[in-house]
1. Could you list the square roots of 5 times each eigenvalue of the Cα gyration tensor of chain B, that is, the equivalent ellipsoid semi-axes, sorted largest first and rounded to whole Å?
2. Rounded, prolate or oblate: which fits the stretch A:176-215, taking a ≥ b ≥ c as square roots of the Cα gyration tensor eigenvalues, rounded meaning a/c under 1.5, else prolate when a/b beats b/c?
3. Add -39500 (n - 2.57) for each DSSP H run of 4 or more in chain B, then divide by its residues: what number comes out at 222 nm, to the nearest 500 deg cm²/dmol?
4. Please work out the Cα center distance from the stretch B:189-212 to the stretch B:45-77, rounded to the nearest Å.
5. For a bin width of 20 Å, list the pair-distance distribution of the protein assembly as shown built from all Cα-Cα distances, rounded to whole %.
6. Taking every pair of alpha-carbon atoms in the stretch A:79-182, what share in percent sits in each 10 Å bin, from 0 to the bin with the longest distance?
7. Which FRET efficiency value, to the nearest 0.05, is calculated for residue B:38 and residue A:225 with the Förster distance at 41 angstrom and r the Cβ-Cβ distance?
8. Could you order the peptides B:77-90, A:104-117 from most to least packed, using the average number of other C-beta atoms within 10 Å per residue?
């Protein structure tokens, strides 16, 4: 715990992920990822092996002073949330923040599955028919179910959070996680999201704009450290998006 | 925190879930689930609304002495793990236990998707063609990838865990979670699992048998509190299982 204070002022966290745009140190980074996902590794320095990136490496915080290695997005977020003051004010809030993060990541995973419904290891083009079906259900049933849920979370916390925060009165890693998923959905399904946004005034009127203007977040989003969406979890295949902007609105609000 | 000690001796935890086999109190339970998943609720007693069961209710531990309500399986497990001494001995172990739990639950979710690859809200029978493809990838690529990973975790922790525990030298909620997923896979894909088990001696030779014989677990599994698998996440559709027990073994070990 003695390293916490130091970590806050000079974070030694190192995020290991699949390479994005190559740059300085790319060769070193590729070597590290290759080691990280080695299918014969039983781990090192007291850390377990990693199933898949991302992983977080924190020098000096592992067993016997070695680096600590943590993988799985919610586990990384929970660890960092505690260290960076982005978790809750008490035990109840900490639990809800992890819970909302997991729900936002479920939405993230379902968005991924729209272009890979049958085989994670195969190309989109080889599962396009199934993708069209999966995306239709996702757009018509799942998106409104998730967005409606988060709108209700914001409403239930309106007294403290003023529509800006999912839990309590300050920014948490649940807020930043949900924000990123929403921005990914806007990239992947622009017509669907444009048609639906007005049904969720707190989510898109208050929350979305507040988070992207928050201290640090705004600077990050405006920098080249923010990677553009392309062919990752969120992909824009026009055929998987809503085909007419008024597809549903004529018949009234869709059922949940 | 003052309630922790009391909780250890007389746990007031109440798990809210979709009804299984009806019994005493079923009407009350159905009413509670109906309220829990009300699509207009903004939460109650300071708790956020629930996206979906399961949820855990802990009297007196919420805001202003109200009941605390937590949903999302990993969040519930993390909360209970801390209270019941089923998490780790230090911060590193706590992170790894959450991480392995999330990986085991990813395997759980992928097992579910074999019978619902296209539409969560539709019947299996209406997505059977896609299920056959999804199940083939799951059996041939994903099952060996996950089982191989957990075998390596056990091997990396063998000095302390002796093949019995994923992290450290005692039972954690990662162990119980992985155990349940493995038992579900044995129910859903009996031929596939029978053919593969021998490749993972720690996982099926030591770990699986140790967890099911652990204090409390053994009694639970032998009681009628342990629900039988049927048409939940794990389903036994013979057409989705391996079709011949020697499908792959003749050609040697499958690639990972």
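Values quoted throughout were computed directly from the atomic coordinates according to the rules given, and no laboratory measurement underlies them. Everything numeric in this text was worked out from a predicted model, so none of it was measured. Here the Cβ is made from the backbone with ideal geometry for all residues, glycine too, and neighbour counts use every protein chain on show.
1. Values: eigenvalues 217, 127, 48 Å².
Taking √(5λ) for each Cα gyration eigenvalue gives 33, 25, 16 Å.
2. Oblate, since a/c reaches 1.5 and b/c is not below a/b.
3. My calculation for chain B gives -13000 deg cm²/dmol from helical runs alone.
4. 35
5. Taking all Cα pairs of the protein assembly as shown, the binned fractions are 20, 59, 21, 0 percent.
6. P(r) over the stretch A:79-182, rounded to whole percents: 15, 39, 25, 17, 5.
7. Numbers: r = 41 Å, r/R0 = 1.01.
Calculated transfer efficiency: 0.50.
8. Ranked from most to least packed, the peptides come out as A:104-117, B:77-90.
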